[in-house]
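Let me begin by presenting the structure, written as structure tokens, before commenting on it.
Read-outs throughout are calculated quantities, based only on the coordinates presented, and are distinct from any laboratory measurement. These numbers were taken from a predicted model, which means no experiment stands behind them. Cβ sites come from the backbone with ideal geometry, for glycine too, and all protein chains shown count toward neighbours.
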Amino acid sequence: MKLLKTDLQDVVIIEPTVFRDDRGWFFESFNEPRFHDELSKLGLPIPRSFIQDNHSSSQKGVLRGLHYQLAPHAQGKLVRVVSGSAYDVAVDIRKGSPTYGKWVGAELSAENHRMLWIPEGFAHGFVALEDNTHFLYKTTDVYSKELERSIKWDDPDLGIDWPAGADFIISEKDRQASPLKDADLPSLYTPGSTQALTLDIIGDSRGSLIALEKSSQIPFEFRRVYYIFGTQPEVSRGFHAHKDLRQLAVCVSGKCRMLMDNGVTKEEIWLDSPTKGVLINNLVWREMHDFSPDCVLVVFASHEYDEKDYIRNYKEFTNLVAAAAVSNEAV
Ligand SMILES: Cc1cn([C@H]2C[C@H](O)[C@@H](COP(=O)(O)OP(=O)(O)O[C@H]3O[C@@H](C)C(=O)[C@@H](O)[C@H]3O)O2)c(=O)[nH]c1=O
């Protein structure tokens, strides 16, 4: 499997290794460890696990998009075509992103077996270039009718260079979509999201060194660093969320199990190497379990300590998540 960069840093084309013989061909259409490994090599974040698969069929000229979902059901999509061909487009719609409003396109076909990885925070659309184009995709979150949104496919502010052809066939919903300037958009980071990071090692014969700098490794201005150590294995900690605070946690020695919950889905990650970090955005309920006796957990925090920023009651947390979803819907 080869990952090819596009003009949008986080969007990549995946070219699987196809094994051909006189019977036909074979390829791995998805291999999670390899996918994660290849993303890490490009310094890209590891996505949440895929939890839904979709399959659509379109006749030539059908244009679907530009679609996305808001938090807490934002979706990353791994898309491919298994019959026919399509011109596939991803648009960076993350407010505050250096590539905000920029788009990339790629031809995906049953023939070239190419896939496109479109992370959360991007809008997605495609036009079928042939009849009977079958589009298959994996998503990192479930479909949400309430949180799905569309941006107008021909918004002049985007200037997408769709392949020329006959009149496109477009659903009524997509005809009614907003232009980017009026759309309800995600931010560069999504409250309620977490992200596993593989930290770059600078090493030589003397050993390894990891340097954490704002921007390259820590995507926020950090104002505080603290560390947790000497926690007994039977003791669990955390059990709170933050209204605004964002953090990056790394076990520089030993290990512990982090449980992160955005009020809708739960994720677990073992911090068991100084090369593994986890970015925890605001509105994430976190718990830390199974500390090894030698565990030293270093945390980089976006703000100084402020008790008022803590949400220590789980019910209050889920109420806040629900209120954030409703206010997203109302925008
Ligand atoms: C996307 C989706 C739709 N549906 C239903 C809703 C509706 O009744 C019917 C058809 O939905 P749509 O018209 O929105 O289908 P479609 O226009 O194909 O939507 C898709 O477009 C591409 C570009 C994407 O990126 C996808 O995420 C998705 O938004 O299927 C689900 O039940 N689950 C799903 O995951």
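Numbers for the structure displayed
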read-out: Loop-resident sites, segment 223-302, for trypsin sites (Lys or Arg not before Pro), counting at most 12 other Cβ within 10 Å (DSSP); value: Arg223
read-out: Average Cα contact separation per residue, segment 253-331, under 8 Å, 6 or more apart, as relative contact order %; value: 33 percent
read-out: Leading residue at positive end of dipole, the chain (Cβ point charges), from Ser253, His113, Ala86; value: Ser253
read-out: Cleavage-rule hits (GluC sites (Glu not before Pro)) in segment 247-331: DSSP loop, at most 11 neighbouring Cβ within 10 angstrom; value: Glu304
read-out: Potential lengthening between Thr265 and Arg175 on full extension [0.36 nm per residue; Cα-Cα distance subtracted]; value: 29.2 nm
read-out: Net charge, Leu212 excluded, C-beta distance under 15 Å - Lys, Arg +1, Asp, Glu -1; value: +2
read-out: 10 Å-binned pair-distance histogram of segment 1-62 (Cα, whole percent); value: 16, 37, 35, 11
read-out: Cα-based radius of gyration of the chain once divided by 2.2 N^0.38 Å, which approximates compact folds; value: 1.07
read-out: Computed over segment 2-182, the ratio Rg/Rh where both radii use C-alpha atoms and Rh is Kirkwood; value: 0.95
read-out: Most mobile listed residue (Gly76, Gly230, Gly192) in the chain, GNM with C-alpha springs under 10 Å; value: Gly230
read-out: Inter-part distance where segment 25-87 and segment 229-262 are each reduced to a Cα centre, Å; value: 31 Å
read-out: Helix axis angle, 314-330 relative to the chain longest principal axis, alpha carbon, degrees; value: 30 degrees
read-out: Top positive-direction residue, dipole computed over segment 1-77 with Cβ charges, set Leu8, Phe19, Leu44; value: Leu8
read-out: Top positive-direction residue, dipole computed over segment 154-219 with Cβ charges, set Thr190, Ile202, Pro219; value: Ile202
read-out: Residue with peak Gaussian network fluctuation, the chain [Cα springs, cutoff 10 Å], from Ala106, Ala90, Ala211; value: Ala211
read-out: Relative contact order %, segment 1-131, counting alpha carbon pairs below 8 Å whose residues are six or more apart; value: 31 percent
read-out: Inter-label distance for Tyr305 and Asn112, nm, one decimal - labels placed 7 Å from Cα along Cα-to-Cβ; value: 5.5 nm
read-out: Point-charge dipole on Cβ atoms (K/R +1, D/E -1) for the chain, about Cα centre, debye to 20; value: 460 debye
read-out: Point-charge dipole on Cβ atoms (K/R +1, D/E -1) for segment 266-319, about Cα centre, debye to 20; value: 160 debye
read-out: Simple Cβ-charge dipole of segment 80-129, Lys/Arg +1 and Asp/Glu -1, about Cα centre, in debye nearest 20; value: 180 debye
read-out: For segment 194-330, projected area of the alpha-carbon convex hull averaged over all directions, nm²; value: 9.2 nm²
read-out: In segment 132-237, the GluC sites (Glu not before Pro) that fall in loop regions by DSSP, at most 12 other Cβ within 10 Å; value: Glu146, Glu213, Glu221, Glu234
